[in-house]
Structures are given as structure tokens and as C-alpha cells.
1. Restricting the stretch 122-143 to residues that are in a loop (DSSP other than H, G, I, E, B) and over 19 Å from Y93 (Cβ atoms), which is modelled with the highest pLDDT?
2. What about Y109, is it in a helix (DSSP H, G or I) and either outside the structural domain of A45 (by TED's automatic domain parsing) or within 21 Å of R48 (Cα to Cα) (or both)?
Amino acid sequence: MPLSHEKGDFITRRRQKIAKKRKSRLWSPVDLTRALELDPKLRGAYSRLGDARKITGDYDGAVADYMTVLSDEPPDVDVYISLGDIKYIRKDYKSAVAYFTRAIELQPYEAQTYLKRAAAYRALNDLKRAEADERKAATLPFE
């Protein structure tokens with residue numbers, strides 16, 4: 001089997017996995033809040049509630065939910081990326097870089113995270129690091 005075909009299969013499987021993950025995250029904030037009232041230790045509910053709040057622009061609520069998730073083990077790379085996104089939106093670029101860096105430490109093969117960190121570096125006018133992240137992202141599969 002040619003290498004490009006294998007790579008295509010990998011990318012297709014990865015995209016399907018991401019689509020399934022995103023679909024599973026579409027919960028109502030009301031339903032998630034009720035679930036947490038019944039069992040405050042539902043880590044996944046906090047992560048999903050953070051996602052729902054982020055989508056609706058409730059960044060303070062999303063950060064609080066994500067920080068609850070991060071208080072548990074093991075660390076959740078998606079939460080670090082979401083926190084980086086929020087910090088970037090709020091123009092707190094140094095914090096965004098820190099969260100994206102932690103996500104890269106946990107999962108170093110995601111091109112999108114390198115590109116997000118590159119954007120934060122550019123906002124900080126750190127072009128050398130931004131370009132290094134962009135070069136690294138170009139060597140990785142993109143979702």
C-alpha cells in the first residue's frame with residue numbers, strides 16, 4: 001500500500017474520531033448543571049459544561065469549569081487548548097502560550113496546537129518562535 005494512502009486512512013480515521021468527540025460534547029448547559037448537582041465529581045460534565053460556556057461566550061464560567069477538570073488527574077489536553085483559546089480571545093497572549101505549550105507537552109503531534117501557539121507568539125511580536133511553530137506544524141498531520 002502506498003504511503004500516501006496509509007496517511008490518508010490515518011487522517012480519515014482521525015477526523016472521524018474528532019467528529020465523534022465533538023458530537024458527544026454537544027450538551028445543554030442546563031442538563032450538565034443538573035448532572036453536576038446530582039454528582040459533583042463528574043469530571044466529563046465539567047469539561048463539557050466548559051465547552052458549552054465557551055461557545056456561548058461565558059469565558060469566566062468556562063475557565064472555572066476547566067480549572068475544576070485540571071484539578072484531577074490525568075491532565076486533559078483538550079482543556080489546556082480550550083483555556084489557551086480563551087486567553088487568546090481575551091488578548092492574554094502570555095497565558096495563551098503557556099496553556100498551548102502544556103497541551104503540546106502532553107500531545108506533541110497536533111498541528112493545530114502549534115499554529116495556535118504561533119498566533120499567540122505573533123501577537124507578542126515573537127516572530128522567531130512563531131515561525132518555528134509554523135514550521136513544526138507543517139510537518140504534522142492537520143485535522
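The values are calculated or read from the model by the stated rules, or taken from the named source; none is laboratory data. Note that the coordinates shown come from a computational prediction; the quantities given were computed from them, not determined experimentally. Cβ sites come from the backbone with ideal geometry, for glycine too, and all protein chains shown count toward neighbours.
1. T139
2. Judged against the criteria, Y109 is not a match.
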